[in-house]
1. Quick one: which helices (runs of 4 or more DSSP H) sit completely within segment 190-309 and have at least 2 residues that are at pLDDT below 85?
2. Exactly one of these conditions fails for SER56: (1) in a helix (DSSP H, G or I); (2) farther than 16 Å from VAL28 by Cα; (3) not hydrophobic (A, V, I, L, M, F, W, C). Give me its number.
3. Inspect segment 104-126 for any residue being surrounded by 24 or more Cβ atoms within 10 Å (Cβ to Cβ) and of a type in the set (D, E, K, R) and give the result as yes or no.
4. Check whether at least one residue in segment 447-458 is charged (D, E, K, R), modelled with pLDDT under 85 and assigned to a helix (DSSP H, G or I), and report yes or no.
5. Please go through segment 196-245 and give me each residue that is of a type in the set (Lys, Arg), loosely packed, with under 13 Cβ neighbours inside 10 Å and within 22 Å of LYS166 (Cβ to Cβ), ordered by number.
6. For segment 407-435: of the residues being surrounded by fewer than 16 Cβ atoms within 10 Å (Cβ to Cβ) and of a type outside the set (S, T, N, Q), which is modelled with the highest pLDDT?
7. Out of (1) in a helix (DSSP H, G or I); (2) surrounded by fewer than 20 Cβ atoms within 10 Å (Cβ to Cβ); (3) not aliphatic (A, V, I, L, M), what's the single condition that is false for LYS354?
8. Give the residue, chosen from LEU68, LEU95, that is in a loop (DSSP other than H, G, I, E, B) and of a type in the set (A, V, I, L, M).
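The values are calculated or read from the model by the stated rules, or taken from the named source; none is laboratory data. The model shown is predicted, which means the values in this text are computed figures rather than measured ones. Because the Cβ atoms are built from the backbone with ideal geometry, glycine has one as well, and the counts that use them run over all protein chains shown.
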Amino acid sequence: MKIMQKITFKLPYSQYWFVVMILVLAFVGIFDHDLWTADEPRVAEIGREFLDNDNSLAVPRLGGKPFLEKPPLYFWCVALSYKLFGGPSASAARLPSVFFGLGTLVFTYLLARKMYGRNSALWSCIILALSTEYFTITHKSLVDISLVFFVTTTVYWLYLALTAEKDKKKIYYTLCYIFATGAFFTKGFLGLAFPAFLFICWIVWTRDWREIKSTRLWIGFFIVGAGISLWFFGLWKEGSWEYIGTFLGHNNLQRVVPGATYTGGHEHPSYYYLVRYWRAFAPWSILTPVVFYHAYRKGFRDKNRLFLVLWFFSGFIMLSLAGTKRPIYLVPLFPSLSILTGAWLNDVETRMIKGRLVIISQWSIMCISGISIVLLAISAFKYELYKNITFIVLMPVILISFIAVFNSFITYKVIKLYGLPLLMILIYISFVLVSYPHINENKSLKPFCNELGQILTVKEKPLYAFQPCEISRAMVPFYTGRYITPIYTMEEIEFIGKNPGNLVLVVDERNSRPLYNSLKDIFSNVLVSGQSSKRHMVLLTSKGK
């Protein structure tokens, strides 16, 4: 009987079991739907345009025009994915995010294991993988997950350098600079700011001024500076100083400095992240107050805890001071939170931490799991998805798993590593498999673009677009292979309308059709229309053939 008990408890803790769970979670929902607005079409199309023979590898392009918001590294990865997996597709565009996400989990595991041991590392990976915003960006074609990967790896080597013996610091700092260069090539100077600000805060807090000498900053300037200089040379060669100025000024300085005249959107007040954080790191964010309270009570003599807390707060303050803000910008801080939370949960599981707050926090997580199951069922019935065979098969499995986990929690008074993660992974997978086909019907513009492509082939006319947004500039060429010619004034549209049979694409962002109404006298025929969320797309043709 004792032997059977040992086998029963040893099997779930196997690292292979966790690897299988993480891989299933990583790849579910990657291959079963089209590009969804708003960011995915842009990223996928920029990667596709790198495949054009006459396009430079230095300059990302959207609709044939330079797109200098971000450096090209992630777009290179998307283009490489197209090469390896048979050409441009929504699935191939998402695969780089999957691998960057898995890489981030690997380095999070390595850092957590180095700090707190194997079980804490497993908890940390599960927490990160199941946090809402992290799951979202690893399942979409988005640049931000590559930033998360390179920030995490840079911070990992920085930690090793700060805690290593003197003879090993050189190699660790060199690796830190190499990965920091990768961070720059994902989202510009923001990628460098995360580890740099963390290092400054560490030195100021610990007052270990001698560590600055160990960094050999001149090597860092050489490695990072060489990479940046090579790319800037490519920009200069393609577009002179205009391209460099656009990247540095409009897409870096103006985005970061509060009050700057940036026109790209996402401008929010400094307290924005105090509100948005709770959803971004859900469901684990409910544990954040007690985790930080525990860290405060323990004190910061533990340099591991100090390092993680500084990682989070240095980045949080930096992002809060920046002019533009989005919830996904917080994700580079999530590995630190995941390790802190994972270590706390491991201490709770091993009875190293007790108390009323611990009990309340665990009950909160259990309640969130139960509420998630109820919401999944309600959504399935609301949108008539309960007939889906996936829902029919998985719902009983989820209910049985919840009962087993809840029974274990009542029995042992703690949440076990081998129970809750499996339950939450099943909830995530069920949500994806049940809801994604329904969401795809409402968000996909591929059917519209397919009809558009057939019309363009028959008409053999150029395609104009009145005040096009980035989505139409990306979606149309991705699915049809035809670029659009933008038109911005009514004078231009009236001139185009004089030629019988000319085609104009109109995208109404709010579905109130004011653009269509203003053009219907000039372009009277509607050839095809499509709907994606709040966006209504209409292809019009002028009078005549």
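1. 217-245
2. (1)
3. The answer is no; no qualifying residue exists.
4. So in segment 447-458, the residues charged (D, E, K, R) come out as 451.
Still in the list and also modelled with pLDDT under 85: none.
No: zero hits.
5. ARG207, ARG210, LYS213
6. ILE410
7. Every condition holds for LYS354 apart from (1).
8. On inspection, the qualifying residue turns out to be LEU68.
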